[in-house]
Amino acid sequence: MKEMNDLFDDLPEPPEAHPALEDTAALLALLERWVARGWLRALDRALALFLQREVPDAPAPLLLAAALASHQLGRGHVCLDLAATLAAPDLALSMPPEGDDLSDPPPLPSEVLGGLTLERWQQALAHPELVADAAQGAPGHTPLVRGAATPDHPHQGPRLYLRRYWQYEQEIRSRIAARLGRTEAAPDADTLATALDALFSTNVEIDWQKAACALAARSPFAVITGGPGTGKTTTVVKLLALLQALALGSPEPDSTRALRIRLAAPTGKAAARLNDSIAGQVKDLSLVELAGAVGQQGVDIPTLRSSIPTEVTTLHRLLGSRPDTRHFRHHTDNPLALDVLVIDEASMVDIEMMAAVLSALPSRARLVLLGDKDQLASVEAGAVLGDLCQRAEGGHYTPATCDWLERMTGTPVPERYEDAGGQPLDQAIAMLRVSHRFDAQSGIGRLAEAVNRPLGLQDQQESQNEKAAQKAKKRAVREIFQQGYADIARLALADADDPALDRLVVSGDPAGFANSGEGRTDRRGEPIAPPLGYCHYLEMLRSKRPDSSTFGEGEARQPFDDWARAVLEAHGRFQLLCALRKGPWGIEGLNPRIGRALRRAGWLQASDQKLERGWFEGRPVLVTRNDYGLGLMNGDIGIALAVPDARQPGRKLLRVAFPASDGSGKIKWVLPSRLQAVETVFAMTVHKSQGTEFTHTTLLLPDAPNPILTRELVYTGITRARDWLTVVETGRGMLDEAVTREVMRVSGLGRL
């Protein structure tokens, strides 16, 4: 017995619990210090304080979990993963916030949670007044819901939700599953195959665009994903033509009416871009063979073409947003009047909006999600498209689906995409795998591919452990820059005052590219203009300014509309993207710096005060909030231009010119005083750039590690470039740091 006691005496003592986990007053004081430091939001502490006031006996670990769960929402996570938090406690807070020098810090989360076990934390959450159990259907109205691993989802550990977000997750899960389980007859197989052949030429290898149309035509829920230039918009236009042709040519009684189809996107900018793209493609789409391929008598071509919608709206406008509320006019009890809904840029749709869309859809309506699964997820909580497309790379089509696809497309599905254990969701997802924008000679395409490649797909011998895989990926990215591609350049700044950045933003620094950017041609053999900087649009502003002294209406305004259109088009030739908002390498520091560089070069006339907080001619602005009164959407870009003042001849006043969002090419002129939610956009965050592309894109990385610096951010920034890309590093190794860190959005959606 003595020997046994001696053995126990040698065991290490369990770490003592931090005072903040024993006393709620100490915890609230600690949360206050975290808030003051910027590591936690005041909203998160307020939730813990509210729960403590309502239920005074709530244990401190429960209140801490509630504050952290709330904080995760602000960082894009749907819930708090308890085990992952204990494994890496300091990642649970926003550390370090931009600009924090980490001097005299409060206790780190690792210090607080070091003595807390998962078992004890779960025991603290067993409080029926505050926490309900998801496994039991989360009965009652508790503010928190605890989810646990289940036989169906063993990879998901214990999680804590705010109830509203647990309900969003359940809404999405149940409504998608219901659509996947619908068994009504798909289109007649022979008719569908004939119609597909009319839209697509036959290839030796499988045409993934054709396969995507086939899968989406037979399923009430479908996802079409793919990288830039893979033809997502082309595919969806052909899909809409296919669906309308099948509907108009149907032999069923009372069914020969056109489908009610709506197109939507999360932001106004994305909606306008899709609007322009679809309008042109519908106009040019050949429908002769398709019209004759369906129905005994075929389909009238003008009727078919006019039934394919070209107008794209925002999701907020589609659902009918209500001022000062989270609710919409359309919901389960007042569904949308439509048969098909297509959502573009679906990677930007957060969990709350996706739940609202699904609840407002009629039960028999078809939903098609379109987007790049590898782009940055929404700024708000959730990564719905990413969750749904976790298995898209591997296909996972069942043998029955593969046989059916071969019959529809005329070509077999490669064996590597077949999986006898494929899930119902897998059969509704199509990934477009061939880029028509970037070919083998494109450094932009090769770099995007290297950055986007998951660590798990590296060479087997190099992937024996995570460090080896990371080294292999860093080496692959570096080699792209060493291979002399003509369309990419890399710039390393010596310090914060390096004038190389000023040269880049002013002129585009063509000398940084091979042959100074000369001699390149596109796929049609047309010459590609050398890379440009911001001086290009400012030169257009000067040289194209109308001689007219009257800024009138109708024809009298046409010269100014033409001028504004030319300036806006020229502005899209270059854009600097960055990761951060604050600090010298965020938009708050870069925008005035770029303005001063353009002023020194003689392109702008504005004081430092105006460059930072005022209006000046040539100022590019980004709309940051939808303004339905002005018809401006979040993401719209306009430029301040000086036009004649009709009330005071000889004088000029500033108006901001925006391109109309309806694809008409018209110009909307707005007085600066009417714009309440805009910011200067010489520099734009990568998040804000989604849904757009620029002829020459510069991606600037910060000089220190930051949680926001991830593979997805770098990939999204790279793929905003159409012809030219410059990657700017302000700190050594930041590109390596970014490409090996992936966004890990915590949610319980997992696999449906």
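The values are calculated or read from the model by the stated rules, or taken from the named source; none is laboratory data. Remember, predicted model here, so these are calculated numbers, not experimental data. Cβ atoms come from the backbone with ideal geometry, glycine included; neighbour counts cover every protein chain shown. Only protein heavy atoms, including side chains, enter the accessible area calculation; ligands, DNA and RNA are left aside. Shrake-Rupley method; radii C 1.70, N 1.55, O 1.52, S 1.80 Å.
Looking for something under 28 Å from Met734 (Cβ atoms) and either modelled with pLDDT of 90 or more or of a type outside the set (A, V, I, L, M, F, W, C) (or both) - is there at least one such residue anywhere in the range 549-564?
no
Out of the range 467-492, which residues are in contact with a strand residue (DSSP E or B) (Cβ under 8 Å, 6 or more places away or on another chain) and either open to solvent by less than 20 Å² (accessible area, probe 1.4 Å) or among the basic types (Lys, Arg) (or both)? It would help to see each step written out before you state the result.
Restricting attention to the range 467-492, the residues satisfying the condition of being in contact with a strand residue (DSSP E or B) (Cβ under 8 Å, 6 or more places away or on another chain) are 480-481, 487-492.
Those that are in contact with a strand residue (DSSP E or B) (Cβ under 8 Å, 6 or more places away or on another chain) and either open to solvent by less than 20 Å² (accessible area, probe 1.4 Å) or among the basic types (Lys, Arg) (or both): Ile480, Asp487, Ile488, Ala489, Arg490.
Within the range 10-21, does at least one residue satisfy the condition of being modelled with pLDDT of 90 or more, out of contact with any strand residue (DSSP E or B) (no Cβ under 7 Å at 6 or more places or on another chain), under 22 Å from Glu119 (Cα atoms) and buried (at least 18 other Cβ atoms within 10 Å of the Cβ)?
Checked against the condition, which is being modelled with pLDDT of 90 or more, out of contact with any strand residue (DSSP E or B) (no Cβ under 7 Å at 6 or more places or on another chain), under 22 Å from Glu119 (Cα atoms) and buried (at least 18 other Cβ atoms within 10 Å of the Cβ), the range 10-21 yields no hits at all.
Can you pull out the residues in the range 606-653 that are aliphatic (A, V, I, L, M), part of a loop (DSSP other than H, G, I, E, B) and either under 29 Å from the mean Cα position of the chain (by Cα) or closer than 30 Å to Ala271 by Cα (or both)? First the steps, then the outcome.
Residues of the range 606-653 aliphatic (A, V, I, L, M): 606, 611, 621-623, 630, 632-633, 637, 639-643, 646, 653.
From what is left, the residues that are part of a loop (DSSP other than H, G, I, E, B) are 606, 630, 633, 646.
Correct list: Leu630, Met633.
For the range 145-157, check the following and say yes or no: at least one residue is open to solvent by less than 60 Å² (accessible area, probe 1.4 Å), assigned to a helix (DSSP H, G or I), hydrophobic (A, V, I, L, M, F, W, C) and at pLDDT below 90.
Among the residues of the range 145-157, not one is open to solvent by less than 60 Å² (accessible area, probe 1.4 Å), assigned to a helix (DSSP H, G or I), hydrophobic (A, V, I, L, M, F, W, C) and at pLDDT below 90, which makes the answer no.
Which residue pairs have Cβ atoms under 7 Å apart, sit 6 or more places apart or on different chains, and have a first residue in the range 205-217 that is closer than 15 Å to Ala392 by Cβ and a second that is among the charged types (D, E, K, R)?
Listed pairs, sorted by first residue: Trp208/Arg433.
Does Met4 satisfy being modelled with pLDDT under 85, open to solvent by 40 Å² or more (accessible area, probe 1.4 Å) and out of contact with any Asp or Glu (no Cβ under 7 Å at 6 or more places or on another chain)?
Yes; evaluated as a whole, the condition is true for this residue.
So, Glu352, is that one open to solvent by 20 Å² or more (accessible area, probe 1.4 Å), of a type in the set (Asp, Glu) and at pLDDT below 85 or not?
Taking the combined requirement at face value, the residue does not satisfy it.
Hey, any hits in the range 70-86 for a residue that's in contact with a strand residue (DSSP E or B) (Cβ under 6 Å, 6 or more places away or on another chain), part of a helix (DSSP H, G or I) and either within 25 Å of Ile351 (Cα to Cα) or at pLDDT 90 or above (or both)?
Yes, that holds for at least one residue.
Going by what's in this entry, would Val643 be described as at pLDDT below 90, touching a strand residue (DSSP E or B) at 6+ places or on another chain (Cβ under 9 Å) and more than 30 Å from Asp723 (Cα to Cα)?
Yes: the conditions hold for Val643.
Asp419 - would you say it is of a type in the set (Asp, Glu), more than 22 Å from Ala178 (Cβ to Cβ), open to solvent by 10 Å² or more (accessible area, probe 1.4 Å) and modelled with pLDDT of 90 or more?
Details: of a type in the set (Asp, Glu): yes; more than 22 Å from Ala178 (Cβ to Cβ): yes; open to solvent by 10 Å² or more (accessible area, probe 1.4 Å): yes; modelled with pLDDT of 90 or more: no.
Criteria not met by Asp419.
Within the bounds of the range 549-557, is there any residue that is in contact (Cβ under 8 Å) with a residue 40 or more places away in the chain, within 30 Å of Phe481 (Cα to Cα), open to solvent by 20 Å² or more (accessible area, probe 1.4 Å) and small (Gly, Ala, Ser)?
No: zero hits.
Any residue in the range 600-622 that's of a type in the set (Phe, Trp, Tyr): show its pairings with residues that are open to solvent by less than 10 Å² (accessible area, probe 1.4 Å) and not in a loop (DSSP other than H, G, I, E, B) at Cβ separation under 8 Å, as long as the two are six or more apart or on different chains.
Trp603/Leu538; Trp615/Ala640; Phe616/Ala640
Can you pull out the residues in the range 357-373 that are at pLDDT below 90 and open to solvent by 20 Å² or more (accessible area, probe 1.4 Å)?
Ser363, Arg364, Lys373
Being part of a strand (DSSP E or B) and open to solvent by less than 10 Å² (accessible area, probe 1.4 Å) is the filter here, so list the residues in the range 263-320 that pass it.
Leu263, Ala264, Ala265, Thr314 - these are the residues of the range 263-320 that are part of a strand (DSSP E or B) and open to solvent by less than 10 Å² (accessible area, probe 1.4 Å).
Name, by its number, the condition in (1) out of contact with any helix residue (DSSP H, G or I) (no Cβ under 7 Å at 6 or more places or on another chain); (2) surrounded by 14 or more Cβ atoms within 10 Å (Cβ to Cβ); (3) among the acidic types (Asp, Glu) that does not hold for Asp497.
Checking Asp497 against (1) out of contact with any helix residue (DSSP H, G or I) (no Cβ under 7 Å at 6 or more places or on another chain); (2) surrounded by 14 or more Cβ atoms within 10 Å (Cβ to Cβ); (3) among the acidic types (Asp, Glu), the one that fails is (2).
Which members of the range 87-110 meet the condition of being surrounded by fewer than 15 Cβ atoms within 10 Å (Cβ to Cβ), at pLDDT 80 or above and part of a helix (DSSP H, G or I)?
Residues satisfying the conditions are Ala87, Ser110.
Quick check on this structure: which one of Glu380, Glu345 is under 19 Å from the mean Cα position of the chain (by Cα), under 24 Å from Gly231 (Cβ atoms) and not β-branched (Val, Ile, Thr)?
Going through Glu380, Glu345 in turn, just one is under 19 Å from the mean Cα position of the chain (by Cα), under 24 Å from Gly231 (Cβ atoms) and not β-branched (Val, Ile, Thr): Glu345.
Report, by residue number, each residue of the range 701-719 that is assigned to a loop (DSSP other than H, G, I, E, B) and open to solvent by 10 Å² or more (accessible area, probe 1.4 Å).
Correct list: Asp703, Ala704, Pro705, Asn706, Pro707, Ile708.
Would you pick out the residues in the range 439-459 that are modelled with pLDDT under 80, farther than 23 Å from Val223 by Cα and surrounded by 16 or more Cβ atoms within 10 Å (Cβ to Cβ)?
Once the filter is applied, which keeps residues that are modelled with pLDDT under 80, farther than 23 Å from Val223 by Cα and surrounded by 16 or more Cβ atoms within 10 Å (Cβ to Cβ), the range 439-459 yields Leu455, Gln458.
Filter the range 720-737 down to residues that are in a loop (DSSP other than H, G, I, E, B) and touching a residue at least 12 places away in the same chain (Cβ under 8 Å) and give me whichever is nearest to Glu479 (Cα to Cα).
Within the range 720-737, the match that is nearest to Glu479 (Cα to Cα) is Arg732.
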